[in-house]
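Undergrad: After the structure tokens below, expect a handful of questions from me.
The values are calculated or read from the model by the stated rules, or taken from the named source; none is laboratory data. Everything numeric here is computed off the predicted structure, so don't read it as measured data. Positions of Cβ are generated from backbone atoms using ideal geometry, with glycine treated the same way; all protein chains shown enter the neighbour counts.
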Amino acid sequence: MIIGVGERCNTKCTMNFGTHNGIFHCDEVVGIAILEIAHMNTDAYVVRTRNFDELNKLDIVIDIGGGMFDHHMAGFNVCRPTGEKYASAGLVWKEFAEEAIRNVMTGECISIDDDEIKAIKEQIDREVIIPVDMEDNGEKVSNHTFSFIPKFLPSWMEVPNYDDAFCRVEAIVFGILKEIIKDKVVQVATKKELQKRYDCINDGILEIPAQTMPWLEDVVSYNQTHNYNVKFVIFPYPAGGWAAQSVPPSIEKKFEQLVSFPKEWAGGNEQTLPVISGIQDATFCHNGCFFARAKTKESVLEMCRIAMN
């Protein structure tokens, strides 16, 4: 983890990362955040300087110094197979992405294989890193995940402390990028878990382990090749009891339902819904009739069956 930013090598830290001082840009802030995720269990320091004697003391230097992570050298023209030219963020991602992904996986206690890690690396490069590189190379300027970074630069009206501003924005970028990686890892783990659970569909009802499982896209895709077999997804509700959610017919129509709960249940609560539905421990039905809750799994299953019949 990065413990500070300064002008000189910090010999008390296990690793020192380097980049240029003064005004910072998206590519080196993102690059340093990638290095931090890839070395999460190591105390690291960021040295921001243009003093080459100081830079030569450091473990990894990006966006300056003429090394493997500097894209400013004369004649530099390293491109991806798809044609996009690398900048510092992309060069660092290319080298350290797999280590960063594995670190996030370890923290989440998720296991995925090498091919899946490479697929996540390529997906994040395409969706997140390439726009940063293209902006820095002046090839394309458009909003991207980290377009907010320049807003942390000191204004012209204040005495600038670029190192402090860099430290603050890098911590935010680190958190966002870590969550992006986590989301991609969870998606892969979700797909693998759902593949096992499709064999246990119960009369159009699929049980998943948690409400936070991102099931929607995978279940919709499964339905399109399996005669819309899954009508409801059920799961333990975080506040207690069980819940059910209707499956939409497609991602484009995600606010519609293959099967809705009965209209007369709309807005029902713990006092009214047992009378309306005939299910004694039913506790809630959304006004949109796509989500319902009960105190027990058995009752939620019965609510789904009533809706389908």
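Undergrad: Just the residues that are surrounded by fewer than 21 Cβ atoms within 10 Å (Cβ to Cβ) and without any contact (Cβ under 8 Å) to a residue 60 or more places away in the chain, please, taken from the range 21-48.
TA: Thr42, Asp43
Undergrad: With respect to Asp218, determine if the residue is among the acidic types (Asp, Glu) and at positive phi.
TA: Here the answer is no, as Asp218 does not meet what is asked.
One line per residue, one yes/no per condition, for (1) of a type outside the set (A, V, I, L, M); (2) more than 27 Å from His144 (Cα to Cα); (3) in a strand (DSSP E or B):
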position: Phe24; (1), (2), (3): yes, no, no
position: Glu28; (1), (2), (3): yes, no, no
position: Ala33; (1), (2), (3): no, no, no
position: Ile37; (1), (2), (3): no, no, no
position: Glu54; (1), (2), (3): yes, yes, no
position: Leu58; (1), (2), (3): no, yes, no
position: Ala74; (1), (2), (3): no, yes, no
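Undergrad: Which residue out of Ser277, Ser246, Ser221 is within 24 Å of Tyr198 (Cβ to Cβ) and either surrounded by 16 or more Cβ atoms within 10 Å (Cβ to Cβ) or basic (Lys, Arg) (or both)? Working first, answer last.
TA: Details: Ser277 fails: within 24 Å of Tyr198 (Cβ to Cβ); Ser221 fails: either surrounded by 16 or more Cβ atoms within 10 Å (Cβ to Cβ) or basic (Lys, Arg) (or both).
When all the criteria are applied, what remains is Ser246.
Undergrad: Pull up the range 76-118, narrow it to residues that are in a loop (DSSP other than H, G, I, E, B) and of a type in the set (Asp, Glu), then point me to the one that is farthest from Glu135 (Cα to Cα).
TA: Asp113
Undergrad: Identify the residue in the range 5-19 that is under 18 Å from Ala171 (Cβ atoms) and assigned to a loop (DSSP other than H, G, I, E, B) and, among all such residues, is nearest to the chain's Cα centre (by Cα).
TA: Cys13
Undergrad: Please count how many residues of the range 61-83 are of a type in the set (A, V, I, L, M, F, W, C) and in contact (Cβ under 8 Å) with a residue 12 or more places away in the chain. Spell out the reasoning first.
TA: Let us first name the residues in the range 61-83 that are of a type in the set (A, V, I, L, M, F, W, C), namely 61-62, 64, 68-69, 73-74, 76, 78-79.
Within this subset, residues satisfying the condition of being in contact (Cβ under 8 Å) with a residue 12 or more places away in the chain are 61-62, 64, 68-69, 78.
Selection size over the range 61-83: 6.
Undergrad: Please tell me if Ala294 is under 29 Å from the mean Cα position of the chain (by Cα), buried (at least 20 other Cβ atoms within 10 Å of the Cβ) and either at pLDDT 95 or above or not assigned by TED's automatic domain parsing to the domain that holds Ala119 (or both).
TA: no
Undergrad: Here is a further query. Of the conditions (1) touching a Lys or Arg at 6+ places or on another chain (Cβ under 7 Å); (2) not in a helix (DSSP H, G or I), Asp163 fails just one. Which one is it?
TA: Among (1) touching a Lys or Arg at 6+ places or on another chain (Cβ under 7 Å); (2) not in a helix (DSSP H, G or I), the lone unmet condition for Asp163 is (2).
Undergrad: Could you pull out the residue among Gly18, Gly67 that is on the phi < 0 side of the Ramachandran plot and modelled with pLDDT under 95?
TA: The match here is Gly67.
Undergrad: Taking the range 97-121 as the region of interest, how many residues are surrounded by 14 or more Cβ atoms within 10 Å (Cβ to Cβ) and of a type in the set (Lys, Arg)?
TA: 2
Undergrad: Moving to a separate point now. How many of the residues making up the range 200-218 are exposed (fewer than 14 other Cβ atoms within 10 Å of the Cβ), part of a helix (DSSP H, G or I) and under 21 Å from the mean Cα position of the chain (by Cα)?
TA: The total comes to 1.
Undergrad: Could you please let me know if Arg197 is under 27 Å from the mean Cα position of the chain (by Cα), in a helix (DSSP H, G or I) and of a type in the set (D, E, K, R)?
TA: Considered against the rule, which asks whether it is under 27 Å from the mean Cα position of the chain (by Cα), in a helix (DSSP H, G or I) and of a type in the set (D, E, K, R), Arg197 comes out as yes.
Undergrad: Can you tell me how many residues within the range 247-270 are under 25 Å from the mean Cα position of the chain (by Cα) and within 10 Å of Phe290 (Cα to Cα)?
TA: Number of matching residues: 3.
Undergrad: Also, I was wondering about something else. Please list, ordered by first then second residue, the pairs with beta carbon atoms under 8 Å, 6 or more apart or interchain, first in the range 162-177 and in the same structural domain as Ala100 (by TED's automatic domain parsing), second charged (D, E, K, R) and outside any helix (DSSP H, G or I).
TA: Tyr162/Arg48; Asp163/Glu7; Asp163/Arg48; Phe166/Arg48
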